[in-house]
1. Anything in segment 138-182 that is assigned to a loop (DSSP other than H, G, I, E, B), under 24 Å from residue 75 (Cα atoms) and among the polar types (S, T, N, Q)? List them, or say none.
2. Please state which one of 242, 267, 231 is open to solvent by 50 Å² or more (accessible area, probe 1.4 Å), of a type outside the set (D, E, K, R) and under 15 Å from the mean Cα position of the chain (by Cα).
3. Filter segment 196-211 down to residues that are in a helix (DSSP H, G or I) and in contact with a helix residue (DSSP H, G or I) (Cβ under 9 Å, 6 or more places away or on another chain) and give me whichever is surrounded by the most Cβ atoms within 10 Å (Cβ to Cβ).
4. Which numbered condition trips up residue 214, out of (1) in a helix (DSSP H, G or I); (2) charged (D, E, K, R); (3) without any contact (Cβ under 8 Å) to a residue 60 or more places away in the chain?
5. Just name the residue that is least open to solvent (accessible area, probe 1.4 Å) out of those in segment 80-128 that are free of Cβ contacts under 8 Å to residues at least 40 places away in the same chain and in contact with a His (Cβ under 9 Å, 6 or more places away or on another chain).
6. Any residue in segment 22-43 that's buried (at least 24 other Cβ atoms within 10 Å of the Cβ): show its pairings with residues that are hydroxyl-bearing (Ser, Thr, Tyr) and assigned to a helix (DSSP H, G or I) at Cβ separation under 6 Å, as long as the two are six or more apart or on different chains.
7. Taking segment 51-62 on its own, how many of its residues are open to solvent by 30 Å² or more (accessible area, probe 1.4 Å) and without any contact (Cβ under 8 Å) to a residue 60 or more places away in the chain?
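The values are calculated or read from the model by the stated rules, or taken from the named source; none is laboratory data. Everything numeric in this text was worked out from a predicted model, so none of it was measured. Ideal geometry is used to build each Cβ from the backbone, glycine not excepted, and the neighbour counts take in all protein chains shown. To get the accessible areas, we keep the full protein, side chains included, count just its heavy atoms, and leave off ligands, DNA and RNA. Shrake-Rupley method; radii C 1.70, N 1.55, O 1.52, S 1.80 Å.
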Amino acid sequence: VRACVFVRFSLKAVETGCKRFICSSGGNAGMAAALAARQLNRDVTICVPETTPSLVREKLKDLGAEVVVHGSEWNGADALAREKAKEPGCQYIPPFDHPDIWTGHSSMVHEIKRQLPEGVCPDLLSVAVGGGGLLCGVMEGMHHEKIGWTDVPVVALETDGAHSFAAAVESGKIVSLDAITSVAKCLGSKVVCAEALEWTKRHSNLHSVVIPDRSSIEACARFADEHRMLVEPACGAALAAVYTDCLKPLQQTLHVPERPSCIVVIVCGGNTVSTKMLEDWKAEFGVQ
């Protein structure tokens, strides 16, 4: 899905004569940008932080991308990407903070509605937040005139140490974390996009939830056991809504039925994980 979103954005760059795409990423956005570049027959440079696993760097290279490692976290890699994009023939591809990216992500809400029985809407929707692009797209889709889920409760989950959205909500303005200290490195933007904070004003039933790393890893492990699918800790944050009791403090505020019949979890992020990595995280956080 994300690759299709990036193709949509990149087409505009191609029309203006762009020869090389420049994107910053912790892993997943870079994969999408690399696939889009290959589809459009363009060169691509992906700037990643030092925390991006070697397996992801190799996957990016296999897709034909030039990989540049810079900075201890995504924000440093992004600063370099923006500098490189100033070179002639280059175009910066934002990993999450652009209206075209949000609109592309919003298409998944239309797909969800088509898959649900007629007249049924979710009792709750759970989504992880890193830079905020996925959240913005989900909210845009829910508020589309053909969807109309304007009062559906939404929980936006982050891990402690990568909680830039929660920090912004608490402050009422965009603020920067001092550092990314969570294991969920793909949620690792020290600053959330402004549009994500704006959605808290448009959607009264949007709630920020911060969980410990252990809850994310527990959710990843249980999801792997039940669905035979590996996801990374960033995705585990969203899954924690159904695999842990992290929403108990919000039970009254959310107005969700005691036994909800339809909970939607956006499962996104599986490029930066392996079975060994999951086992190592389980051991580190004491998850059985």
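1. 176, 181, 182
2. 267
3. So, considering only residues that are in a helix (DSSP H, G or I) and in contact with a helix residue (DSSP H, G or I) (Cβ under 9 Å, 6 or more places away or on another chain), the one surrounded by the most Cβ atoms within 10 Å (Cβ to Cβ) is 196.
4. Just one mismatch for residue 214, condition (3).
5. Top of the filtered list is 106.
6. 36/10
7. Count: 5.
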